[in-house]
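Everything on this sheet refers to the single structure shown next.
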Amino acid sequence: MKKLVLIAMFAALPLVCMAQKKITGSVEIMPNYLWHMFAASNLWDKPENPYGDKYGYTIPEADRQFLYDNRELIAWGNSQGGMLAGGMFFIPLQNETTIEEYVAFLEDATAMVPESFVPICKELVRIMRDNYPRFEREVWPLLEPDLLKAKDMIEARFSGTDPIALWEANLGLPYPGEKKELVLTYANHAGLPSANDLGPERNNFGIIPDERVVESVRQTVLHEIGIYTIMPTIRKLQSDQSLQSDFLQSGNIVYVAFETFAEKRKDDIFGGERRVFLPQWEAEYKWFYDYYLKHDFAGADPETLLRSAIAEFVANFAG
């Protein structure tokens, strides 16, 4: 009997070791509520705000104006963000949460900010608390069905595939998680920050049930898996004092270098049409992508390649 048990245990080992790290969608009300408030209040100061035009009426004008007036404290993008971005979005959404838990978190956080910001934070707590019931009652029933359709579409695109294992094999590095959960939101599906980092196993993506949008999200998910897999290298570069020059910092060059590397390797692994992944740095992105085309190869060490690319960029363009 003991022998049979041991045989069964060892027979199961390959299945355990090769268990797929799944990619799944998650449709949650709180991330969508936060995006509703931020997008309707035009925190990214866009000349056109279709979401706000459609749903802004559900938020008192004074509340939208207060959020807009304090947008530099809240808004984020391209690895930079306002002082309150983490507390109002990224930290509380690391796990699925409720409005009660979110408000309690904001209240606790308010006690830790500099005294001069306390009145602003208290008003933000009030605004986020008071506007939730109307969103839940009037807006969420309109958004949730589309998000559930989009969830089915994006999960179908990953069904039967194991992109995390392919990234691990390509880089020779472990992915720092057991899954990738896509927290799907409606209001940021076009023109607002997506692929928002909620931890190794959770990312927020703006999406609607449209084939082109879903495919764009799929491509970005594949990219983000690569970013997380080389994250130890990225952190090493970001903390390296030799890479803190004004030239590199003002142009976000280290950021562009590793984002472009991940996109180029993604194309190597999964194919597809080459895209301009960083339109705000199109020239720099194209330079780094072309550099990697010439110098990257299977088995190349990411850190060595990134350092050489950055050094070459500095030699060519730093005055």
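The values are calculated or read from the model by the stated rules, or taken from the named source; none is laboratory data. Just so you know, these numbers come straight off a predicted model, no measurement behind them. Heads up, the Cβs are rebuilt from the backbone with ideal geometry, glycines too, and the neighbour counts pull from every protein chain shown.
Looking across the stretch 301-319 at every residue that is buried (at least 16 other Cβ atoms within 10 Å of the Cβ) and without any contact (Cβ under 8 Å) to a residue 60 or more places away in the chain, the one that is nearest to W167 (Cα to Cα) is identified as L305. Of all residues in the stretch 267-299, those satisfying the criterion of being assigned to a helix (DSSP H, G or I) and either touching a helix residue (DSSP H, G or I) at 6+ places or on another chain (Cβ under 6 Å) or closer than 16 Å to G226 by Cα (or both) are D267, D268, I269, F270, W281, E284, Y285, F288, Y289, Y291, Y292. Being under 28 Å from N78 (Cβ atoms) and small (G, A, S) holds for only one residue in S159, S194, and it is S194. Determine whether V125 is β-branched (V, I, T), outside any helix (DSSP H, G or I) and either on the phi < 0 side of the Ramachandran plot or at pLDDT 95 or above (or both). So V125 does not fit the description; no.
Considering L143, L182, L147, the condition of being touching a Leu at 6+ places or on another chain (Cβ under 7 Å) and not in a loop (DSSP other than H, G, I, E, B) is satisfied by L147 alone. Within the stretch 284-299, if we keep just the residues that are of a type outside the set (F, W, Y) and surrounded by fewer than 15 Cβ atoms within 10 Å (Cβ to Cβ), the residue that is nearest to R235 (Cα to Cα) turns out to be G299. Of all residues in the stretch 231-250, those that are under 17 Å from E284 (Cα atoms) have Cβ atoms under 6 Å from Cβ atoms of residues that are part of a loop (DSSP other than H, G, I, E, B) and of a type in the set (G, A, S), 6 or more apart or on another chain, in F247/A318. None of G82, G87 is over 20 Å from F205 (Cβ atoms) and touching an Asp or Glu at 6+ places or on another chain (Cβ under 8 Å) except G82.
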